[in-house]
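Notes follow once the structure below has been shown.
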Amino acid sequence: MLSFTEENYLKAIYHLSKEGSEPVLTNDLAKSVRTKAASATDMVKKLAAKKLISYRKYYGANLTTKGKTEALMVIRKHRLWETFLVQALGFMWDEVHEVAEQLEHIHSKRLIEKLDEFLNYPKTDPHGDPIPDRNGKIQQTAAISCDQLEKGKSAIITAVKDSSGSLLKLLDKIGAHPGKKIKIIACEPYDKSVEALLDGQRVFISHEVSKNILVKE
């Protein structure tokens, strides 16, 4: 059984490595988990000793198959808990991340399977992120950021890159949720902000926000 801290490191490595495909430098890892570089190096060595990652000095850390599976199980629990908090307990989508950060470390497999069953086996969480299945398989959806959507083209919002509360509250104001239809009708050359139709309603979206909205044509 992994510790709270070990699970957080594995999850951070997974996200920083772009789903396990690239090595992660210890300095970047330290920033992600908000600790000192020396502490991150010590943990990396510990995870390597457990064969959860492979590590070479100056090159970085990569998840092993075992480490990736463990990381995906933590992510699975996190996203299932976020879904439960929104669907069953009435939390807003900008309120659930920190609570799920605590709940994701519960180690009862039976509880998580019952949770999945109770939610009717959801494929995505409230932010549109895919939920790994019980075997650690994750189905990624091909998507582009909204700022890459061509003028006149329509698409469906699938997810948001940034789950920070401030962004999610802003998206709530304009109604930009996963599943909504969006069409770009104008783009401002000066700051790349866009005018769009969001389920038929005219909205204005800054470039910074549009970069964090993922869509599928």
Practice task
Taking A38 as meeting all but one of (1) assigned to a loop (DSSP other than H, G, I, E, B); (2) of a type in the set (A, V, I, L, M, F, W, C); (3) farther than 28 Å from K137 by Cβ, write down the number of the exception.
Solution key: (1)
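Here is a yes/no grid of residues against (1) in contact with a Phe, Trp or Tyr (Cβ under 8 Å, 6 or more places away or on another chain); (2) assigned by TED's automatic domain parsing to the domain that holds H177; (3) touching a residue at least 24 places away in the same chain (Cβ under 8 Å):
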| site | (1), (2), (3) |
| --- | --- |
| R79 | no, no, yes |
| F84 | yes, no, yes |
| M92 | no, no, yes |
| R110 | no, no, no |
Completion exercise
Out of (1) touching a helix residue (DSSP H, G or I) at 6+ places or on another chain (Cβ under 8 Å); (2) of a type outside the set (D, E); (3) part of a loop (DSSP other than H, G, I, E, B), the one Y58 does not meet is (1)
Completion exercise
Within segment 139-154, the residues that are out of contact with any helix residue (DSSP H, G or I) (no Cβ under 8 Å at 6 or more places or on another chain) and either β-branched (V, I, T) or part of a strand (DSSP E or B) (or both) are T141, I144, S154
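Has segment 135-144 got at least one residue that is over 18 Å from the mean Cα position of the chain (by Cα), free of Cβ contacts under 8 Å to residues at least 60 places away in the same chain and closer than 29 Å to T64 by Cβ? Talk me through it step by step, then tell me what you get.
Let us first name the residues in segment 135-144 that are over 18 Å from the mean Cα position of the chain (by Cα), namely 135.
If we keep only those that are free of Cβ contacts under 8 Å to residues at least 60 places away in the same chain as well, we get 135.
Of the ones still in play, those that are also closer than 29 Å to T64 by Cβ are 135.
Yes - at least one qualifying residue is present in segment 135-144.
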Handout entry: Unmet criterion (only one of (1) touching a residue at least 60 places away in the same chain (Cβ under 8 Å); (2) in contact with a Gly (Cβ under 6 Å, 6 or more places away or on another chain)) for T158
Key = (1)
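The values are calculated or read from the model by the stated rules, or taken from the named source; none is laboratory data. Just so it is clear, the model here is predicted, and its values are computed rather than measured. Please note: Cβ atoms are built from the backbone with ideal geometry, for glycine as well, and neighbour counts cover all protein chains shown.
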